[in-house]
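Some notes on the structure that comes next.
None of the figures in this text is laboratory data; all of them are computed from the coordinates on show. Not measured: the values here are computed from a predicted model. Cβ coordinates were reconstructed from backbone atoms using ideal geometry, including for glycine residues, and neighbour counts include every protein chain displayed.
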Amino acid sequence: MSGLIVRLLLCDGLDDGEVCDAELTATPDVTSLTQLRTIAFRDLGWSTRGGRDLCPRHNTRKAATS
Ligand SMILES: [Zn+2]
């Protein structure tokens, strides 16, 4: 058997009380969650501040400034 560690970033946002199901899967060349957060923030519009990860849809900080 072979094992595979998949790094995932999950949105902490809520939709009517339900946790958002948005997730971001790291490509194999991404070797840490920190690196994945950097890419998500820089390239994909995620917010990764304050211990919460928010998908572009829940990233109100970004929406407020654009
Ligand atoms: Zn979300």
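Please work out which residue is farthest from the ligand (Cβ to nearest atom), limiting yourself to the range 24-57 and to residues that are farther than 17 Å from residue 6 by Cβ and of a type in the set (Lys, Arg).
Within the range 24-57, the match that is farthest from the ligand (Cβ to nearest atom) is 42.
Residues in the range 22-42: is at least one surrounded by 15 or more Cβ atoms within 10 Å (Cβ to Cβ), part of a loop (DSSP other than H, G, I, E, B) and in contact with a Cys (Cβ under 9 Å, 6 or more places away or on another chain)?
Yes, the range 22-42 contains a residue that is surrounded by 15 or more Cβ atoms within 10 Å (Cβ to Cβ), part of a loop (DSSP other than H, G, I, E, B) and in contact with a Cys (Cβ under 9 Å, 6 or more places away or on another chain).
When residues of the range 6-21 are filtered for being among the charged types (D, E, K, R) and assigned to a loop (DSSP other than H, G, I, E, B), how many remain? Steps first, please.
First pass over the range 6-21, keeping only residues among the charged types (D, E, K, R): 7, 12, 15-16, 18, 21.
Applying the additional criterion that residues be assigned to a loop (DSSP other than H, G, I, E, B) yields 7, 12, 16, 21.
Qualifying residue count, the range 6-21: 4.
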